[in-house]
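Right, one structure below, let's go through it.
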Amino acid sequence: MLAALLLAAVAAPQEFNYDEAKVPDYTLPPVLAEADAPEDWPQRRAEIVKLFEQHVYGVTPPAPESIAFETSSETVQWEGWPEVEWRDVTIAYETPSGPFSQGVTVVLPAGASAEKPAPVFTLIRYTPRSRPPISKDEPERDYCPWGPIAAAGCAVAVVYVDDVAPDDKERFDSKLLKAYGLDRETLGERPADGCGALAAWGWGASRFLDYCEQAEDLDAERVAILGHSRAGKAAWWAGARDPRFSVVISNNSGCGGAALSRRRFGETVAKINDSFPHWFCPRFRTYDNNEDALPVDQHMLAAAMAPRAVYAGSASEDGWADPRGEFLSLVEANPAFALCGDPRLAPEDMPEPGGVVTKGRRGYHLRPGGHSLKKYDWERYLQFATEQWKNAAD
Ligand code: GCU
């Protein structure tokens, strides 16, 4: 009984707002500012990315000047599943303090070749590495169903957060950030725009895209990025920064991800900064209980994907991540997508649990149930991304 009560308290802390009627009035910063024509958008987009860098996620290291890849592969056939290739890629580059490497596991469909390169789903994953690297069991929290993905002719790659920035407030800067002299030991104190863990994870995902660009059997024009929860926040930010990701998806990413901070529904800026100070840049703390002072809100992150495709997956019982706030970010990104010729989304378009809405380059679904990445979510992501890739090719 006590355990059940404690669990309930963890899942839905009571001091936070879960009542739509208590969402305060708010005014969002404008998406377009002075921009009013498609040709103005690249510059406005760059300004938006810079604002998020300075106020929310922090400045990442520059892309390495040279990068090398080593691979080892095995063919795997599990009963009832398509034959696939498991490829371990070691990505190595020079940093100011010497060589650094990270590993990515890719599962390719049989038959991927230079003539038929496979589109790729890049999953930022925060569960520890395991062998087999990618489980086929749904109960896992950031589950990765490589069988159905391969059956759809796509590859899936797993970027492990621990390789670049351990998800730990004491150790997050002990790897990549240390290699670049951006760790607390070297700097003494984190600067206001110091790189946080979410940005470092996305930076690592971009190094995998560097690999896709030279791997003949992967289609670098059709690479999606996604993640669940904290990794969903990282995926949206990685997609905003790196326009080579053509489809950008977050699953239940909530505060600091797809959800509008000004709604203060479920998790708040003050709470996330208290619990996970290493995820963001130190300046983000100045917006604790002060969301209206933020020069951005998360609708601008969705907008930064335009004219590429962006998707948010929510879960109906995941109040902590504010499913409606996740949907409204997509809605409020209207000006950027309208500029690119897409239809508008309206607040009334929000689906009931079990529903999906896709308009132009934006998609959303509300899975019945709680906080998790499920087969249901993946099916929708596969469908959305393949449709987007097809539309882009037509
Ligand atoms: C916590 C955190 C969320 C985060 C989640 C997760 O619940 O408050 O912001 O999304 O962990 O990553 O699982």
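The values are calculated or read from the model by the stated rules, or taken from the named source; none is laboratory data. Small disclaimer: the values here were computed from a predicted structure and weren't measured. Cβ sites come from the backbone with ideal geometry, for glycine too, and all protein chains shown count toward neighbours. Only protein heavy atoms, including side chains, enter the accessible area calculation; ligands, DNA and RNA are left aside. Shrake-Rupley method; radii C 1.70, N 1.55, O 1.52, S 1.80 Å.
The table for this structure:
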{"item": "Length-normalised contact order for region 2-393 - Cα pairs under 8 Å, 6+ apart - percent", "result": "17"}
{"item": "Reach of Lys271 by Cα under 28 Å, taken over lysines that are not fewer than 8 positions away in the same chain", "result": "Lys22, Lys50, Lys169, Lys175, Lys178, Lys233, Lys374"}
{"item": "Mean accessible surface per residue for the chain, computed with a 1.4 Å probe while every protein chain stays in place, in Å²", "result": "40"}
{"item": "Lys169 accessible area, 1.4 Å probe, all protein chains in place, Å² to nearest 10", "result": "100"}
{"item": "Shape category assigned to region 178-262 from the gyration tensor of Cα positions, a/c cut at 1.5", "result": "oblate"}
{"item": "Local electrostatic count, Arg222, Cβ distance below 13 Å [Lys/Arg +1, Asp/Glu -1]", "result": "-1"}
{"item": "DSSP bridge orientation in the chain - percent antiparallel, rounded to nearest 5", "result": "50"}
{"item": "Along each principal axis, Cα extent of region 2-393, largest first, Å", "result": "59, 55, 49"}
{"item": "Accessible area (Å², 1.4 Å probe, nearest 10) - Ser97", "result": "80"}
{"item": "Gain on full stretching of the segment that runs from Gln43 to Ala270 - 0.36 nm per residue minus C-alpha separation", "result": "78.6 nm"}
{"item": "Sites matching GluC sites (Glu not before Pro) across region 203-304 that sit in DSSP coil, with at most 15 neighbouring C-beta atoms within 10 Å", "result": "Glu216"}
{"item": "Cα-based shape type of region 338-394, given that a ≥ b ≥ c are square roots of the gyration tensor eigenvalues and the cut on a/c is 1.5", "result": "oblate"}
{"item": "Distance from region 291-312 to region 165-199 (C-alpha centre basis), Å", "result": "25"}
{"item": "Estimated [θ] at 222 nm from DSSP helical runs (n ≥ 4, -39500 (n - 2.57)) normalised by residues in the chain, nearest 500", "result": "-8500 deg cm²/dmol"}
{"item": "Charge context of Lys116, other residues only, Cβ under 11 angstrom, K/R +1, D/E -1", "result": "-4"}
{"item": "Computed accessible area, Asp193, all protein chains, 1.4 angstrom probe, square angstrom", "result": "50"}
{"item": "Descending Cα extents along the principal axes, region 219-367, whole Å", "result": "38, 34, 25"}
{"item": "Tensor-based shape of region 290-394 (alpha-carbon gyration tensor, a/c under 1.5 rounded, otherwise prolate or oblate)", "result": "oblate"}
